[in-house]
Amino acid sequence: MKSLNEAVARIALEVHPERIDAVCSALGSSQDVNALAVVKDALGAAFSPTLIAGLAKALKANPKTSSGELSAMFRVSSLTASLAAGASSVELVWTGPATGMVPIRHTAQVLTGLIDDARDRLFLVSFVAYHVGGVVDALRRATERSVQVRVLLEQSKAHGGNVTVDSIAMLRESIPRAQIYEWDKTAAGAAHTASVHAKCAVADGAVAFVTSANVSDAAMERNMELGVLLRGGQLPEQLDRHLAALVTTKQIRAI
């Protein structure tokens, strides 16, 4: 039955709820006569052959499934997909010249807001961090309300890294409660010249910010930078688990 649930869910994710209603109505009046043909006809000839093939295989593996049961599965899957879509959002984040064509939020505003909204854990990744009093203040506030704050940065050249400034020393002094990490390139088998070039932040596995901007005053205020803020859905959770796994597997290490 799991295979059938998955096949129905995949179709529901691709189809507007009104079209699913049409599928369910057709199933309701089919009297269990070739449910697959009924679904194919209701979805139309142009609908994905791959998804239809998946449904056909699942129905063959579950031959006792009635049209009424299949209809109920489509309705539940469609409702779940609609709720999931409503619970997640993607927002454009931009620093630089504005055009007035699209609504945008600035990088510094989004990053400090994400940090201030964190309640349990926060992971911040950047190539470099300096001259960013507003972000540092937000990180300090997070540690003061017992948020687990983790920060991954590139080491300075003096410590074997690829940046001229010692961002790690600055953050350790400014936010002593934060856990600072470096990429253990030796353990990972990475080239010595490889760098922590990702720039992102994730709070509580629920909100993620992926950006071109370093944590610097130039990126926050002067450069042209682009990012996206993701609320809900799978991506924030996946990023949260991925970064945590880098710690667990000791590919990045606390310093």
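The values are calculated or read from the model by the stated rules, or taken from the named source; none is laboratory data. Since we're looking at a predicted model, the values are computed, not measured. No Cβ is skipped: glycine too gets one built from the backbone with ideal geometry, and neighbour counts run over all protein chains shown. Accessible surface areas use protein heavy atoms only, side chains included; no ligands, DNA or RNA. Shrake-Rupley method; radii C 1.70, N 1.55, O 1.52, S 1.80 Å.
Let me check I've understood the local charge: for K250, count other residues with C-beta under 15 angstrom from its C-beta, Lys and Arg +1, Asp and Glu -1. What total comes out?
Values: positive: R150, K185, R253; negative: E182, D184.
Within the 15 Å Cβ shell, the charges total +1.
Nothing charged except the Cβ atoms of Lys and Arg (+1) and of Asp and Glu (-1): what's the magnitude of the dipole of the chain about its Cα centre? Round to the nearest 20 debye. Walk me through the numbers before you get to the answer.
Working: 25 positive and 24 negative charges, 115 e Å.
Taking the Cα centre of the chain as origin, the dipole is about 560 debye.
What do you get for trypsin sites (Lys or Arg not before Pro) in the stretch 111-202 restricted to DSSP loop and a cutoff of at most 10 other Cβ within 10 Å of the site's Cβ? Before the final figure, lay out each step's value.
Working: sites: R119, R121, R140, R141, R145, R150, K157, R172, R177, K185, K199; in loops: R119, R145, R177, K199.
Listed in order of number, the matching sites are R145.
Mind giving me the nanometre distance, one decimal, between the label points for H242 and T164, set 7 Å out from Cα along Cα→Cβ?
Between H242 and T164, the simple spin-label model gives 3.1 nm.
With +1 on each Lys and Arg Cβ and -1 on each Asp and Glu Cβ, how big is the dipole of the stretch 193-255 about its Cα centre, in debye rounded to the nearest 20?
Working: 6 positive and 6 negative charges, 49 e Å.
In total the dipole reaches around 240 debye.
Among bridges DSSP assigns within the chain, what percent are antiparallel (round to 5)? Show your work: numbers first, answer last.
Values: 23 of 36 bridges.
For the chain, the DSSP antiparallel bridge percentage is about 65.
Cα axis of helix 133-144 to longest principal axis of the chain: angle in degrees, 0 to 90, nearest 10?
70 degrees
Given axes a ≥ b ≥ c from the Cα gyration tensor, I'd like to know whether the stretch 195-253 is rounded (a/c under 1.5), prolate (a/b larger than b/c) or oblate.
It comes out oblate by the Cα gyration axes.
Carbon and sulfur atoms: what percent of the 1.4 Å accessible area of the stretch 107-199 do they account for?
Carbon plus sulfur share of accessible area: 48 percent.
Evaluate E = 1/(1 + (r/R0)^6) for K64 and A254, where r is the Cβ-Cβ distance and R0 equals 51 Å; express this FRET efficiency to the nearest 0.05.
My answer for the efficiency is 0.40.
Mind checking the angle between helix 49-61 and the chain's longest principal axis? C-alpha axes, 0 to 90 degrees, to the nearest 10.
Approximately 60 degrees, to the nearest 10.
Taking the full set of protein chains and a 1.4 angstrom probe, give the accessible area of I252 in square angstrom, rounded to the nearest 10.
For I252, solvent-accessible area is about 10 Å².
Taking only Cα atoms and a 10 Å spring cutoff, compute GNM fluctuations for the chain and point out the largest among L171, L70, L153.
Top of the fluctuation ranking is L70.
Tell me the per residue accessible area of the stretch 56-138 using a 1.4 Å probe; a whole number in Å² is fine.
In whole numbers, the stretch 56-138 has 54 Å² accessible per residue.
When all protein chains stay in place, what accessible area (Å², nearest 10, 1.4 Å probe) is found for D21?
It works out to around 70 Å².
Name the residue farthest towards the positive end of the dipole of the stretch 13-151 from the options W94, L114, S30, assuming +1 on Cβ of Lys and Arg, -1 on Cβ of Asp and Glu, about the Cα centre.
Among W94, L114, S30, the one farthest towards the positive end of the dipole of the stretch 13-151 is L114.
How much FRET efficiency would the formula 1/(1 + (r/R0)^6) give for K57 and L92, where r is the Cβ-Cβ distance and R0 is 41 Å, rounded to 0.05? Present the calculation step by step, with values, prior to reporting the outcome.
Values: r = 40 Å, r/R0 = 0.97.
With a Förster radius of 41 Å, E is 0.55.
Under the 0.36 nm per residue contour assumption, what length would be gained going from the current alpha-carbon distance of E173 and T193 to full extension?
The span from E173 to T193 would gain 4.5 nm if fully extended.
May I ask you to compute the full-extension gain from K157 to H131, defined as 0.36 nm times their residue separation minus their alpha-carbon distance, rounded to one decimal in nm? Mind dumping the intermediate values first?
Values: separation 26, 0.36 × 26 = 9.36 nm, distance 1.86 nm.
7.5 nm is the gain from fully extending K157 to H131.
Which number do you get for Rg(Cα) / (2.2 N^0.38 Å) in the stretch 147-220?
1.16
Specify the angular offset, from 0 to 90 degrees and rounded to the nearest 10, of the alpha carbon long axis of helix 235-248 from the longest principal axis of the alpha carbons in the chain.
The helix 235-248 is inclined about 50 degrees to the chain.
Reachable lysines from K40, Cα under 22 Å, same-chain residues fewer than 8 places away excluded?
K2, K57, K60, K64
Note down the relative contact order for the chain as a percent, whole number, built from C-alpha pairs under 8 angstrom at least six residues apart.
20 percent
When the Cα centres of the stretch 60-135 and the stretch 150-229 are compared, how far apart do they sit, in Å?
22 Å
In what sequence, largest accessible area first, do T186, T211 appear using a 1.4 Å probe?
Working: T186 125, T211 20 Å².
Order by accessible area, largest first: T186, T211.
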